[in-house]
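Every number here is computed from the coordinates shown, using simple stated rules; none is lab data. The shown structure was predicted, so the numbers you read here are calculated from the model rather than taken from an experiment. Note that we place each Cβ from the backbone using ideal geometry, even for glycine, and neighbour counts take in every protein chain shown.
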């Protein structure tokens with residue numbers, strides 16, 4: 001057996017690229033907990049927290065996609081500073097960080113005024129029940145005729161097992177008791193962020209494999225046929241003085257002595 005040397009760096013670069021792909025793919029491949037957050041064809045999966053809220057699918061899309069749309073939410077709630085809108089309950093798989101994102105579009109020329117944003121409502125039960133633990137908002141906007149994006153990372157409060165995502169409208173003032181306000185919601189996502197310990201452990205193991213792959217490998221040499229030993233032959237000098245390389249009646253020559261007769 002002998003070792004076949006591999007030029008330094010031959011496998012290290014491709015292996016490093018594979019590790020980077022693994023890490024990126026691992027993050028990109030994390031499951032979004034939100035159902036139908038991009039409203040490609042309808043608003044299935046979403047409900048409301050008030051009978052005074054109407055939800056319809058609309059062709060207006062945050063990416064201007066002709067094959068997708070958004071949720072058009074209209075509130076006629078009579079209360080001021082009360083958040084109502086579309087909701088979805090998400091069961092949390094584990095207690096880890098989550099990346100939330102969502103976009104909002106507010107049409108202009110509306111008779112009423114309101115603030116629009118998102119709210120995360122954390123619960124102790126797995127079905128958004130068992131008592132509220134904490135309520136926090138994710139941005140507010142009063143901008144009109146433009147999409148505004150919101151994104152943030154959250155660590156659930158201790159003991160949280162579910163969360164209600166609310167795309168909310170809260171009236172700041174109402175000129176008429178039955179006045180309406182409309183906003184569009186799109187690109188809503190809630191994605192678990194892998195724990196740092198798991199990421200570093202996976203990366204370390206992958207890099208260790210890369211280093212091991214670049215070490216010289218032991219390669220078996222093909223078997224070679226053994227050569228028969230060459231018989232040693234003595235040089236004989238005959239009486240006629242002619243050297244011969246084979247046995248003969250002549251006697252072997254001895255150093256310092258002439259041929260025997």
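Fully extending the segment from residue 91 to residue 129, taken as 0.36 nm per residue of separation minus the present Cα-Cα distance, adds 12.6 nm.
Is segment 21-151 best put as rounded, prolate or oblate by its Cα gyration tensor, with a ≥ b ≥ c the root eigenvalues, rounded for a/c under 1.5, and otherwise prolate when a/b is larger than b/c, oblate when not? Before the final figure, lay out the partial values.
Numbers: a/c = 1.81, a/b = 1.21, b/c = 1.49.
Note, shape of segment 21-151 comes out oblate.
For the pair residue 57 and residue 78, a Förster radius of 25 Å applied to the C-beta separation gives a FRET efficiency near 0.45, rounded to the nearest 0.05.
Order of 72, 158 from fewest to most other C-beta atoms within 10 Å? Present the calculation step by step, with values, prior to reporting the outcome.
Values: 72 22, 158 10.
The fewest-first ordering by Cβ neighbours comes to 158, 72.
For segment 86-118 and segment 50-72, what is the separation of their Cα centres, given in Å? Segment 86-118 and segment 50-72 have Cα centres spaced 13 Å from each other.
Exposure proxy shown here: for 147, 57, 46, the number of other Cβ atoms within 10 Å sets the order, fewest to most, as 57, 147, 46. Net length available on complete extension from residue 173 to residue 149 is 6.2 nm, with 0.36 nm assigned per residue and the Cα-Cα distance removed.
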